[in-house]
Amino acid sequence: MKMNPKQGRTGRRRKKKVLETSTVNASHEWRYVRLMRWMKERGFRDKRLRTAHFPDTGRGLMSAQRLQPGELIISLPESCLLTTSTVLCSYLGNYIRGWRPPVSPLLALCTFLVLERYLGERSPWQPYLDILPSAYDCPVYWEAETVNYLPDPVKQKAVEQRRAVQDFFSSAQPFFRSLDPLFPRILEDIVTYEAVRWAWCTVNTRTVYKKHVHKECFSAEQDVYALAPYLDLLNHNAGVQVEAAFNEKTRCYEIRTKELYKKYEQVFICYGHHDNQRLLLEYGFTAADNPHQSVYVTEDTILQFVSRKDKQLQKKLSLLKENGFLENLTFGKDGPSWRLLTASRLLCLGADEFTNWKKVLLGRFVSESNEGASEDLVRKICLHLLDQTSRVLAEISSRKSEETADPHLVLVEALRQEEKEILTSSANILQNGGAT
């Protein structure tokens, strides 16, 4: 639940169906009772929120009383936060301080999580670890075939994510071996790839932003992670506004709502203004009716529809790249973005118009022929992506009927279905000549 300060889980689509048809108070469940007792011992007091299961979002927090805009909804003492300072004060401290080259803050946290999870009831952090997911829905957990159904831009990032976790695990092997005195047979039985992947996803999906003073025993990477028990049960909604930060005076991580909540209503925070591609990649869910959702267009896709005989093509691509117009090219429900239209106009400049490229980047009109050619290019790209998306959806539908089908296909299907709706809307706009 990365908040920096961070709809996600409002109407969010998940791979598992929620059976409840109404909100169910879960605060009496033993694991939550134990968590609250554990947090109370560490100085946490709360009468505003309760753990509950919601029919549309699953587990979350509901208001136990009416909450007013500007009200502090949660104040988590520093003693409840799990940070690199926690790790340095543990049995890992001396191993980290004595290791060269220095380990990263991320590696320190992941290693601690893996070992504490292994310790089970012997871990003082067990009440918190017990409510963490046993696995995650991020693409790093998916089958390779399921990843291939993703749209190209997010598929590339998913592959990079998987590679990053594998490299993270491989590069940490020497450090893990140094811990043999603590846990014999540590590599074979404890610090497995699966365990490290779980810890990496725990940090990536659930930490809040808290900047720490750099310590010499850590690498130069920013130390900004803090796992926040209970607070990380708050679900995401793109439409809500909150203030979230660590208060240096109270030494608490605080969240203040700007929304009015009735009693027994689910309380939300906002992870950030993310589209569904980002939400799926980072958190493992997509948001229904996400106002930030769009369909991305890659350079490779564009090049399928421009003339390779254009002698100025490479120069045009260089100009687009130099000016940042080969990134974040999108379609939305209101049609192609200004950036996509601008890139298209520059690519469609005739040989006698090329000197006007600066005017194009400034959004100025060049000629009717350029406008017509650029709209035709964008229309071809849109219809191509729409056809591609429809074909992938048909394949997913077929695969879902198999007994061995990956349950994560539901997430890809949700993302692709929303993209189909966006592309259909854009195609209609382009067909009616409303792109400009």
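The values are calculated or read from the model by the stated rules, or taken from the named source; none is laboratory data. Please read these numbers as outputs of a predicted model, since none were measured by experiment. Here the Cβ is made from the backbone with ideal geometry for all residues, glycine too, and neighbour counts use every protein chain on show. Each accessible area value is taken on the protein alone, full model and side chains, heavy atoms only, with ligands, DNA and RNA left out. Shrake-Rupley method; radii C 1.70, N 1.55, O 1.52, S 1.80 Å.
Can you work out the accessible area per residue across segment 199-281, with the rest of the protein chains kept in place, probe 1.4 Å, in square angstrom? Don't skip to the answer; put the middle values down first.
Values: 3460 Å² over 83 residues.
Spelled out: the 1.4 Å probe surface of segment 199-281, per residue, equals 42 Å².
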Equivalent ellipsoid dimensions for the chain as semi-axes, Å, which come from the Cα gyration tensor, largest first
44, 26, 22
Given Cα pairs under 8 Å that are at least 6 residues apart, what percent is the relative contact order of segment 363-428?
44
Whole-Hz ³J(HN,Hα) for each residue in segment 241-253, computed from phi via Karplus 6.51 cos²θ - 1.76 cosθ + 1.60 with θ = phi - 60°, x for glycine and proline: what do you get?
10, 9, 10, 9, 5, 7, 8, 5, 6, 8, 6, 10, 8
FRET efficiency for Ala288 and Asp180 from the Cβ-Cβ distance with R0 = 41 Å, rounded to 0.05, comes out at 0.25
Sparsely packed trypsin sites (Lys or Arg not before Pro) within segment 185-228, loop by DSSP, other Cβ within 10 Å at most 16:
Arg185, Lys211, Lys215
Report the Stokes-Einstein translational diffusion coefficient (µm² s⁻¹, integer) for segment 339-428, Rh taken as the Kirkwood radius over Cα pairs, at 4 °C with viscosity 1.567 mPa s.
84
Distance from segment 59-92 to segment 200-264 (C-alpha centre basis), Å:
8
Counting other Cβ atoms within 10 Å of each Cβ, which trypsin sites (Lys or Arg not before Pro) in segment 274-334 have at most 13 and sit in a DSSP loop?
Arg308, Lys309, Lys311
In deg cm²/dmol, rounded to the nearest 500, the helical mean residue ellipticity at 222 nm of the chain, built from -39500 (n - 2.57) for every DSSP H run of length 4 or more, is -12500 deg cm²/dmol
Quantify, in whole percent, the carbon and sulfur part of the accessible surface of segment 36-87 (1.4 Å probe; protein heavy atoms only).
46
